[in-house]
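K.L.:
Before I ask anything, here is the structure I am working with.
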Amino acid sequence: MGLTILLGAQWGDEGKGRVTDLLAEDADVTARFSGGDNAGHTVTVGTGAAARTFKLHLLPSGVIQSRTVNVLGNGMVINPARLRGELAALAQGGITLSPERLKISHAAHLITPAHVALDKAEEDARGADKLGTTGRGIGPAYTAKISRGGLRAELFKDPETLADKIEAHVARVNRTLTGLYGAAPLDPAAIASEYAEHAQALAPYITETSLYLDGRLKAGAHVIAEGAQGSLLDIDHGTYPYVTSSSPTTGGVLTGLGVGARYIDRVIGVTKVFQTRVGEGPFPTEAFGAEGDRLRGTGANPWDEFGTTTGRPRRCGWLDLVLLRYTIRINGLTELVLTKLDVLSGLDRVRLCTGYRDPAGRLHAELPYGPSDLAPFTADYEDLPGWSEDVGGARQSSDLPAAARAYIERISALTGVPVSLVSVGPERSQIIRL
Ligand code: IMP
């Protein structure tokens, strides 16, 4: 079966979790390869009165399927307290993950309270130039990794070295917190003892996950690499500096899991039929006022555009095909999944951004220098007729209003990539396979 890569094709929050959840029905393994608990998605198990909802930040969506093995890859940064919180919530809901079903890479990096404190202090110090991070310690943990001073999950197998390293790490961060940022220091001994407890709980899960995945792929298993965040938040290819500190793109799958390119079978990009962004940074198709509010929703529904991790209202706007063509290119997407088509029902017209105008009025179909500086550009739109019908009950393409079908076909034609699935509502069944 090989490796299916599932990525966010926008700035995150595309609805990847529910797509993996769907694909995981015939998957043997689901694996996260980058990021940490800055990601968040909600999965529902069961229906009606028996339905239970879980918020996952670190665990792949495959945990919900009883037969999948779940991997936290070496490219991740893991806050063990948060991971244990997720495992406890699942256990309460009747899902217990044994080491046979959850494997944590020995080479994944650990996030500590010191990284979280640094993230907050650095963000405060940026003042008006703040990045809008999720405050989960992601940037400082990856900084430590790249500067070769990080703490890897394999330390959970060696409690003595772990205690020494944690104390030295917290003492080192304290010097920065107090000296540079005037922030309160943390207690190294208390954090070391907290991590000794995490080590005891999580050591059984530590695995050489690259070797494990290779074995499964060689034996013909179906592995899903589940992206967190989105391609436009990629540290290299995203809207730098308003990005996360990892590579939530195809390249990141290979390094973040330690698997070979030869196994890649499909590369699926998930995009909403409109655009959203959390945090700071330019957003050429942003819609303001009533139009933006209409796309966002009121917050009354779990699927409205408010962050799962932070609760922040997301900035909303029209689908940006300049950016989508870019994420198709950098990832080699072989198919698109469109989510939230139902949100557009009831609009007189729907807009697709097909190009950017620069300040001299020249039109660009491609970004001249990538997406890091979008501020000078204004969006050029193609407007299509909207549809008034509720599409939530549609289960095949022919159930959709002609205008909705035309909108989907136009996205495919303007990007040159086939659309394989369209979601029309939050329920598992509210999916159209094309
Ligand atoms: P960090 O990943 O917490 O360092 O945040 C860096 C940027 O990435 C901020 O703009 C965040 O809002 C954004 N970000 C990080 N994770 C997600 C996500 O899962 N969805 C959407 N935005 C995210």
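K.L.:
Considering only Ala196, Ala360, Ala114, give the residue with the highest GNM mean-square fluctuation for the chain, with springs between Cα atoms whenever their separation is below 10 Å.
P.N.:
Per the Cα network of the chain with a 10 Å cutoff, Ala360 tops the list.
K.L.:
Multiply the residue gap between Asp164 and Arg329 by 0.36 nm, knock off their C-alpha separation, and tell me the result in nm, one decimal place.
P.N.:
On the way: separation 165, 0.36 × 165 = 59.40 nm, distance 4.52 nm.
Result for the pair: 54.9 nm of gain on full extension.
K.L.:
Still on this model: Given contacts defined as C-alpha pairs under 8 Å and at least six residues apart, what's the relative contact order of the chain, whole-number percent? The partial results should precede the final answer.
P.N.:
Working: 966 pairs, mean separation 81.4, N = 434.
Worked out over the chain, it gives 19 percent.
K.L.:
Roughly how many nanometres apart are two label points built 7 Å out from the Cα toward the Cβ at Arg428 and Arg172?
P.N.:
4.6 nm
K.L.:
How many percent of DSSP beta bridges within the chain run antiparallel, rounded to 5?
P.N.:
40 percent
K.L.:
Here's another thing I want to ask about it. Between Ser147 and Tyr181, how high is the FRET efficiency from 1/(1 + (r/R0)^6) when r is the Cβ-Cβ distance and R₀ = 25 Å? Nearest 0.05.
P.N.:
Approximately 0.85, to the nearest 0.05.
K.L.:
Before I look further, what does the chain give for accessible area per residue, probe 1.4 Å, in whole square angstrom?
P.N.:
Using a 1.4 Å probe on heavy atoms only, each residue of the chain averages 40 Å².
K.L.:
Provide, as a two-decimal number, the C-alpha radius of gyration of the chain over 2.2 N^0.38 Å, N being how many residues it has. Numbers along the way, then the final one.
P.N.:
Numbers: Rg = 21.7 Å, N = 434, 2.2 N^0.38 = 22.1 Å.
Working it through for the chain, the quotient is 0.98.
K.L.:
Once you list every other residue whose beta carbon is under 12 Å from the beta carbon of Leu90, what net charge do they have if Lys and Arg are +1 and Asp and Glu are -1?
P.N.:
Numbers: positive: Arg52, Lys55, Arg84, Arg101; negative: Glu86.
Every neighbour counted, the sum reads +3.
K.L.:
Once neighbouring chains are kept in place and the probe is 1.4 Å, which whole percent of the accessible area of the chain is contributed by carbon and sulfur? Kindly include the intermediate steps, with their values, before the conclusion.
P.N.:
Details: 8940 of 17340 Å².
Taking all protein chains in place, the chain shows 52 percent carbon and sulfur surface.
K.L.:
Quick check: net charge around Gln10, other residues with Cβ under 14 Å of its Cβ, Lys/Arg +1 and Asp/Glu -1?
P.N.:
On the way: positive: Lys16, Lys272, Arg277, Arg314, Arg315, Arg325, Lys340; negative: Asp13, Glu14, Asp234, Glu286, Glu305, Asp320.
Around Gln10, the surrounding residues sum to +1.
K.L.:
Using the Cα centre of the chain as origin and beta-carbon charges of +1 (Lys, Arg) and -1 (Asp, Glu), tell me which of Ala379, Gly299, Gly220 is placed farthest towards the positive end of the dipole.
P.N.:
Most positive-ward Cα: Gly220.
K.L.:
What is the local net charge at Leu217, summed over the other residues whose Cβ is closer than 15 Å to its Cβ (Lys, Arg +1; Asp, Glu -1)? Present the calculation step by step, with values, prior to reporting the outcome.
P.N.:
Values: positive: Lys103, Arg216, Lys218, Arg262, Arg266; negative: Asp28, Glu208, Asp214, Asp265.
Taking every Cβ under 15 Å from that of Leu217, the sum is +1.
K.L.:
Who wins for biggest fluctuation among Ile268, Ile408, Ile104 in a Gaussian network model of the chain, springs between alpha carbons below 10 Å?
P.N.:
Sorting by GNM fluctuation, first place goes to Ile408.
The values are calculated or read from the model by the stated rules, or taken from the named source; none is laboratory data. A quick note: this is a predicted structure, and the numbers were derived from the prediction, not measured. Neighbour counts run over all protein chains shown; Cβ positions are idealised from the backbone, glycine included. These accessible areas exclude ligands, DNA and RNA; they are computed on the full protein's heavy atoms, side chains included. Shrake-Rupley method; radii C 1.70, N 1.55, O 1.52, S 1.80 Å.
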